[in-house]
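Any read-out appearing in this document is the output of simple, stated calculations on the displayed coordinates, not a laboratory observation. On a predicted model such as this, the values are computed, not experimentally measured, just so you know. Cβ atoms come from the backbone with ideal geometry, glycine included; neighbour counts cover every protein chain shown.
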Amino acid sequence: SFLLIDAQSDLPNVNNVTFKEEEASFLLGAIAGMKTTSNVVGFVGGEDVPLIHKFEKGFTAGVKSENPEAVVLSEYANDFGNDKLGESIAKEMISAKADYIYPAAGFTGVGVIKESERLGIYTFGVDSDQFYLAENSIVSSMLKQVDIAIFNTIQELVEDGKISEKNQILGIKENGVSIAPIRVIELSAAEKNRIAKLQEDIANGSITILQ
């Protein structure tokens, strides 16, 4: 028997775990929409594939929820492993006045983050808390709680002798995704309450991101 992470298989001996990356990305977008002073923010994807589209759509929807007038620049690097390319994309976006950039692009994204920090621009991390990469730039990170998903699945297997769901799809409600602590910038009490309300609305289904 196998547990497959981040993809789905119909084979009878495979259980699948995927995540609603768009939900936590929405919260990062909401922060960017609230705090941008240029009304321009950016998204950088590693590959132009459906999984990365979820990050982009969530981020863009979050930005627009708080700031309908904001422009979201979006570029796909078509490479998850090129930090120099990431640096180049970051320079282009910053020259186009982006002041918050969200990369979902692996090592290419590290280049985006490092160059943004060098130029005094805010960024967001992805999949894990990447604050350590750029402590003057990374405001928060989209967290994919793979550790929790695996632990809970193994616990169910040990206690019940089987895994109840063939396809687990984990979002904020299921503690599958969340965001890292907000650092570097200050949110007002009203802004903090707004982020908490958005998180609650996503969890209870009042906000749906992907139709």
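Points to keep in mind about this one:
- The residues neighbouring Asn78, those whose beta-carbon lies less than 13 Å from its own, together hold a net charge of -4 under the Lys/Arg +1, Asp/Glu -1 convention.
- Between Ser128 and Lys144, the built amide H atoms are under 5 Å apart, and every one of these is 5 or more places off in sequence or on another chain.
- Loop-resident sites, region 1-109, for GluC sites (Glu not before Pro), counting at most 13 other Cβ within 10 Å (DSSP): Glu69
- In Hz, Karplus ³J(HN,Hα) per residue of region 176-190 (6.51, -1.76, 1.60; θ = phi - 60°; x = Gly, Pro): x, 9, 6, 10, 6, x, 7, 10, 6, 10, 10, 9, 5, 4, 5
- Subset of Lys20/Lys144; Lys35/Lys97; Lys35/Lys173; Lys20/Lys166; Lys84/Lys114 violating a 19 Å alpha-carbon distance limit: Lys35/Lys173
- The phi torsions of region 35-51, fed into the Karplus equation with coefficients 6.51, -1.76 and 1.60 and a -60° offset, translate into couplings of 9, 4, 9, 9, 6, 10, 10, x, 10, 10, x, x, 10, 7, 10, x, 4 Hz, rounded to whole numbers, with Gly and Pro shown as x.
- Straight-distance candidates among the aspartates and glutamates for linking to Lys91, with alpha-carbon spacing under 16 Å and chain neighbours fewer than 8 residues away dropped: Glu75, Asp83, Asp99, Glu115, Glu117.
- Divided by 2.2 N^0.38 Å, where N counts the residues, the Cα radius of gyration of the chain comes to 1.04.
- For region 24-116, a Kirkwood radius taken over Cα pairs fed into Stokes-Einstein (25 °C, viscosity 0.890 mPa s) yields D = 196 µm²/s.
- Kirkwood hydrodynamic radius of region 131-211, from the reciprocal of the average inverse Cα-Cα distance over all distinct pairs: 15.1 Å.
- Centre-to-centre, using Cα atoms only, region 147-174 and region 81-96 are separated by 38 Å.
- Summing Lys and Arg as +1 and Asp and Glu as -1 over all other residues whose Cβ lies under 15 Å from the Cβ of Lys91 gives a net charge of -3.
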